[in-house]
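*Asks:* This structure is in structure tokens; I'll ask about it shortly.
The values are calculated or read from the model by the stated rules, or taken from the named source; none is laboratory data. Note that the structure is a prediction, hence the values are computed from the model and not measured. For neighbour counting, all protein chains shown are included, and Cβ atoms are generated from backbone atoms with ideal geometry for every residue, glycine included.
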Amino acid sequence: MRDQVRVVVQGGGRRGRGAGLARVLWAAAELTVTVGVVVLLLVVHQVWWTNRQAAAAAREEVQELESQWAEVDGEAEDPVFGGGDLEGGEVVEEPGGGGSPGVPSGGGRTAAGVPREAPARVVGSDAYAVLRVPRLGLVVPVAQGIDKRGVLDKGYAGHYPGTAAPGAPGNFALAGHRNTHGEPFRYVNRLRAGDELIVDVRGQRFVYAVDKTLAQTTERDTGVIAPVPRSLVKPDAGYGEPGAYITLTTCTPEYSSRYRLVVWGTLKSRLPTRSVSGGG
């Protein structure tokens, strides 16, 4: 019995440490998967769900706006845009016009009685016009201002403050999301010379034709929304004389807000909406 050797088995400590490391790695893997799922859900919400919500709300706004127009369609004269001819027309400034440096000034009316700026609200709605782009199948409400939460994130096109009213001399300039929140301007890069940009307001339809694009410029290039639009970054892009213009601006490249994409058009015609069938 004295010659028996006591055997001590070692290595249990290593197994314990190995099991602990495995648990840590497993917990880290579970955390990574959980974070990944959360991020994926956020992306789905931002890219897909906000699009559905904003696009649906924008369609409802268009329907509501057109219903309101139909209710007052029998009135003799449009109280917002007047009943005069938009061709030419001397600008008559009203007190308090002006504007910030580098930003097109607002205020005033044309001699035809057309406001140079659209009103913030018309007939109790926060949208006052509808933009239609037949080539893209786009129908989107237009509201005054370019505030994200109040206008752009609702899937609307936002009318730059201080720029001309639809159909009026000057530059009717709009901004819209290219991705998320209804992304109304996602495919404006597909527009080509001659494509129609149709703007409906109560009692009037203004038809513009695309004739110039600027694939990329900086977000501070205020020249693109000037009364005579011309890029300050790329002076060869734009116009050299007064006219009745429309400008669409959006972010580029997609899923980035680093630069701006610009589409310009000039006014072709003005029609009373009562003579237009089908809504375009």
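*Asks:* Looking at this structure, is VAL199 aliphatic (A, V, I, L, M), surrounded by 14 or more Cβ atoms within 10 Å (Cβ to Cβ) and more than 27 Å from ARG52 (Cα to Cα)?
*Replies:* Spelling it out, it is not the case that VAL199 is aliphatic (A, V, I, L, M), surrounded by 14 or more Cβ atoms within 10 Å (Cβ to Cβ) and more than 27 Å from ARG52 (Cα to Cα).
*Asks:* Could you tell me whether segment 270-279 includes any residue that is among the basic types (Lys, Arg) and modelled with pLDDT of 95 or more? Explain how you work it out, then say what you get.
*Replies:* First, pick out the residues of segment 270-279 that are among the basic types (Lys, Arg): 270, 274.
Then drop every residue that is not modelled with pLDDT of 95 or more, which leaves none.
No, segment 270-279 has no match at all.
*Asks:* Let me ask another. Working only within segment 227-237, note down all residues that are in contact with a strand residue (DSSP E or B) (Cβ under 6 Å, 6 or more places away or on another chain), more than 11 Å from THR163 (Cα to Cα) and part of a loop (DSSP other than H, G, I, E, B).
*Replies:* Correct list: SER231, VAL233, ALA237.
*Asks:* Quick one: LEU214 ticks every box in (1) among the aliphatic types (A, V, I, L, M); (2) farther than 22 Å from ARG59 by Cβ; (3) within 16 Å of the chain's Cα centre (by Cα) except a single one, so which number is it?
*Replies:* (3)
*Asks:* Take VAL122 and decide whether it is modelled with pLDDT of 95 or more and either of a type outside the set (Ser, Thr, Tyr) or on the phi > 0 side of the Ramachandran plot (or both). Don't jump to the end; show me each part of the working.
*Replies:* Values: modelled with pLDDT of 95 or more: no; either of a type outside the set (Ser, Thr, Tyr) or on the phi > 0 side of the Ramachandran plot (or both): yes.
Judged against the criteria, VAL122 is not a match.
*Asks:* Mind checking which residues of segment 217-256 are more than 13 Å from ASN171 (Cβ to Cβ) and either touching a residue at least 60 places away in the same chain (Cβ under 8 Å) or within 18 Å of the chain's Cα centre (by Cα) (or both)?
*Replies:* If the condition is that a residue be more than 13 Å from ASN171 (Cβ to Cβ) and either touching a residue at least 60 places away in the same chain (Cβ under 8 Å) or within 18 Å of the chain's Cα centre (by Cα) (or both), then THR217, THR218, GLU219, ARG220, ASP221, THR250, CYS251, THR252, PRO253, GLU254, TYR255, SER256 are the ones that fit.
*Asks:* Considering only strands (runs of 3 or more DSSP E) fully contained in segment 140-226, which possess at least 1 residues that are hydroxyl-bearing (Ser, Thr, Tyr)?
*Replies:* On the way: elements: 157-159, 170-175, 196-201, 204-217.
Ranges flagged: 204-217.
*Asks:* Quick check, is VAL207 surrounded by fewer than 21 Cβ atoms within 10 Å (Cβ to Cβ), of a type in the set (Val, Ile, Thr), touching a strand residue (DSSP E or B) at 6+ places or on another chain (Cβ under 9 Å) and under 29 Å from GLU61 (Cβ atoms)?
*Replies:* Criteria met by VAL207.
*Asks:* Looking at TYR245, TYR187, TYR255, TYR208, which one is in contact with a Pro (Cβ under 8 Å, 6 or more places away or on another chain) and of a type in the set (Phe, Trp, Tyr)?
*Replies:* TYR245
*Asks:* Name the pairs whose Cβ atoms lie under 7 Å apart, with the first residue in segment 257-275 and farther than 21 Å from ARG135 by Cβ and of a type in the set (Gly, Ala, Ser), the second at pLDDT 95 or above and assigned to a strand (DSSP E or B), and 6 or more positions between them or separate chains?
*Replies:* If the second residue must be at pLDDT 95 or above and assigned to a strand (DSSP E or B), the pairs left are SER257/CYS251.
*Asks:* Please find, among PRO141, PRO166, PRO161, the residue that is at pLDDT 95 or above and closer than 17 Å to ARG270 by Cα.
*Replies:* PRO166
*Asks:* Does HIS181 meet the test of being crowded, with 19+ Cβ neighbours inside 10 Å and touching a Cys at 6+ places or on another chain (Cβ under 9 Å)?
*Replies:* So HIS181 fails the test.
*Asks:* Determine whether GLN204 is closer than 30 Å to VAL72 by Cα and touching a His at 6+ places or on another chain (Cβ under 6 Å).
*Replies:* Considered against the rule, which asks whether it is closer than 30 Å to VAL72 by Cα and touching a His at 6+ places or on another chain (Cβ under 6 Å), GLN204 comes out as no.
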